[in-house]
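Report on the structure given below.
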Amino acid sequence: MDDNPTLDRRAELSEFLRTRRARLKPEDVGIASIGRARRVPGLRREELAQLAGVSVAYYTRLEQGNGRNVSAEVLDAIARALRLSDAEQAHLTHLAKPKQQRRRYRAPKRQQVRPALRQLLDTMDGVPAYIGGARSEILAWNSMAVALFGDWGALPPAERNWARLTFLNPDYRELFQEWESKASDMVSYLRLYAGQNPDDPELSALVGELSVKSDEFRRLWATHDVKEKGHGVKRMRHPLVGELTLSYETLHLPDDAGQFLSVYHAEPGSPSAEALRLLASWGADALRAGAAEV
């Protein structure tokens with residue numbers, strides 16, 4: 001086995017375009033569904049090429065993974081025809097137009113959290129907050145994050161990873177009421193990073209491990225969905241305080257490549273806000289109990 005596995009950019013480009021084309025129905029783009037029976041769902045290559053204003057042969061080469069010399073204008077046209085989101089369009093660009101002068105891959109330095117950020121986390125004593133990394137690493141956290149999610153400090157460093165916890169730790173399947181949504185989000189974030197960093201052996205090793213150990217991860221990885229981590233709502237079932245509905249916000253850190261601050265909060269006056277207040281007021285006892293049960 002290759003000691004430094006990497007993702008095949010051409011295969012990634014091919015599968016991404018194929019899956020995006022497959023999710024569009026003719027009626028979605030104003031094409032009458034007439035003529036010969038469709039053997040597969042989605043648009044045919046010739047229909048997509050017509051919508052994008054390129055030749056069928058040109059689009060076919062691109063979908064076969066040959067993105068050499070493709071122009072930004074053509075990629076924009078294909079993105080519009082496929083109705084890609086901003087994150088999906090960025091992903092397509094990364095896959096189709098890699099840097100012309102690619103240097104030999106260098107493993108990034110071990111990610112370090114700046115002391116000022118750790119201090120900031122400690123001041124956020126009323127809300128769960130943590131610093132994450134691009135490969136879904138959990139790099140630093142506050143006491144409320146432990147109370148909500150469990151004692152990450154008790155885990156080996158390699159296991160402090162949201163993707164591993166989501167797919168390999170059954171407690172997190174119980175914690176997130178909409179686990180499938182959480183799992184889909186995790187894979188979409190990793191896919192987006194993979195398009196930007198296909199030569200990252202640590203990412204490839206993570207994907208390989210999860211593909212072997214989790215049928216759900218393997219199925220979701222094959223969808224080629226991509227998403228930028230942003231904001232939303234998560235519903236949880238905590239062993240101490242019961243059900244919570246929490247909003248989360250993601251703040252990307254411009255001076256720390258790949259790192260972000262994620263903060264969870266409840267609507268003021270809601271039962272979830274009271275549940276967070278209880279977790280905070282119980283202090284160390286709540287943290288120990290939560291770590292034992294979550």
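With respect to Val241, determine if the residue is more than 17 Å from the chain's Cα centre (by Cα) and either within 30 Å of Leu120 (Cα to Cα) or modelled with pLDDT under 95 (or both).
Values: more than 17 Å from the chain's Cα centre (by Cα): yes; either within 30 Å of Leu120 (Cα to Cα) or modelled with pLDDT under 95 (or both): yes.
Yes.
Could you pull out the residue among Arg106, Arg38, Arg21, Arg110 that is basic (Lys, Arg) and at pLDDT 90 or above? Lay out the reasoning, then the answer.
Details: Arg106 fails: at pLDDT 90 or above; Arg38 fails: at pLDDT 90 or above; Arg110 fails: at pLDDT 90 or above.
Every option except Arg21 fails the conditions.
Would a scan of the stretch 176-183 turn up a residue that is surrounded by fewer than 21 Cβ atoms within 10 Å (Cβ to Cβ), touching an Asp or Glu at 6+ places or on another chain (Cβ under 8 Å) and not in a helix (DSSP H, G or I)?
Within the stretch 176-183, one or more residues are surrounded by fewer than 21 Cβ atoms within 10 Å (Cβ to Cβ), touching an Asp or Glu at 6+ places or on another chain (Cβ under 8 Å) and not in a helix (DSSP H, G or I).
Looking only at the stretch 233-285, count how many residues are within 29 Å of Ala116 (Cβ to Cβ), assigned to a strand (DSSP E or B) and among the basic types (Lys, Arg).
1
Identify, please: which residue in the stretch 166-202 is of a type in the set (A, V, I, L, M, F, W, C) and over 11 Å from the mean Cα position of the chain (by Cα) and is, among those, nearest to Ser85 (Cα to Cα)?
Initially, the stretch 166-202 is screened for residues of a type in the set (A, V, I, L, M, F, W, C), giving 167-168, 175-176, 179, 183, 186-187, 190, 192, 194.
Still in the running and over 11 Å from the mean Cα position of the chain (by Cα): 167-168, 175-176, 179.
On the way: Phe167: 26, Leu168: 30, Leu175: 30, Phe176: 26, Trp179: 23 Å.
Taking the candidates together, the pick is Trp179.
For every residue, the table says whether it meets (1) closer than 30 Å to Arg277 by Cβ; (2) assigned to a helix (DSSP H, G or I); (3) not β-branched (Val, Ile, Thr).
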position	(1), (2), (3)
Val113	yes, no, no
Ala140	yes, no, yes
Phe167	no, yes, yes
Leu206	no, yes, yes
Glu209	no, yes, yes
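Can you tell me which residue is farthest from Tyr248 (Cα to Cα) among those in the stretch 114-141 that are without any contact (Cβ under 8 Å) to a residue 12 or more places away in the chain and of a type outside the set (A, V, I, L, M, F, W, C)?
Applying the filter and picking the extreme gives Pro115.
Only one residue in Ala79, Ala11 is among the small types (Gly, Ala, Ser), crowded, with 19+ Cβ neighbours inside 10 Å and modelled with pLDDT of 90 or more, so which one is that?
Numbers: Ala11 fails: crowded, with 19+ Cβ neighbours inside 10 Å.
When all the criteria are applied, what remains is Ala79.
Would you call Leu276 at pLDDT below 90, buried (at least 16 other Cβ atoms within 10 Å of the Cβ), more than 25 Å from the chain's Cα centre (by Cα) and farther than 21 Å from Leu190 by Cβ? Let's see the steps before the verdict.
On the way: at pLDDT below 90: no; buried (at least 16 other Cβ atoms within 10 Å of the Cβ): yes; more than 25 Å from the chain's Cα centre (by Cα): yes; farther than 21 Å from Leu190 by Cβ: yes.
When the stated conditions are applied, Leu276 does not pass them.
Take the residues in the stretch 211-232 that are touching a Ser or Thr at 6+ places or on another chain (Cβ under 8 Å) and part of a helix (DSSP H, G or I), then tell me which one is surrounded by the fewest Cβ atoms within 10 Å (Cβ to Cβ).
By that ranking, first place goes to Arg218.
Which one is farthest from the chain's Cα centre (by Cα) among residues in the stretch 153-165 that are surrounded by 20 or more Cβ atoms within 10 Å (Cβ to Cβ) and not in a strand (DSSP E or B)? Give the derivation first.
Restricting attention to the stretch 153-165, the residues satisfying the condition of being surrounded by 20 or more Cβ atoms within 10 Å (Cβ to Cβ) are 160-165.
Add one more test, that the residue is not in a strand (DSSP E or B), and what stays is 160, 162-165.
Details: Arg160: 16, Trp162: 10, Ala163: 9, Arg164: 13, Leu165: 14 Å.
Filtering the stretch 153-165 for residues that are surrounded by 20 or more Cβ atoms within 10 Å (Cβ to Cβ) and not in a strand (DSSP E or B), the one farthest from the chain's Cα centre (by Cα) comes out as Arg160.
The values are calculated or read from the model by the stated rules, or taken from the named source; none is laboratory data. Since this is a predicted model, take the numbers as computed values, not measurements. Positions of Cβ are backbone-derived with ideal geometry, glycine not excepted, and every protein chain shown enters the neighbour counts.
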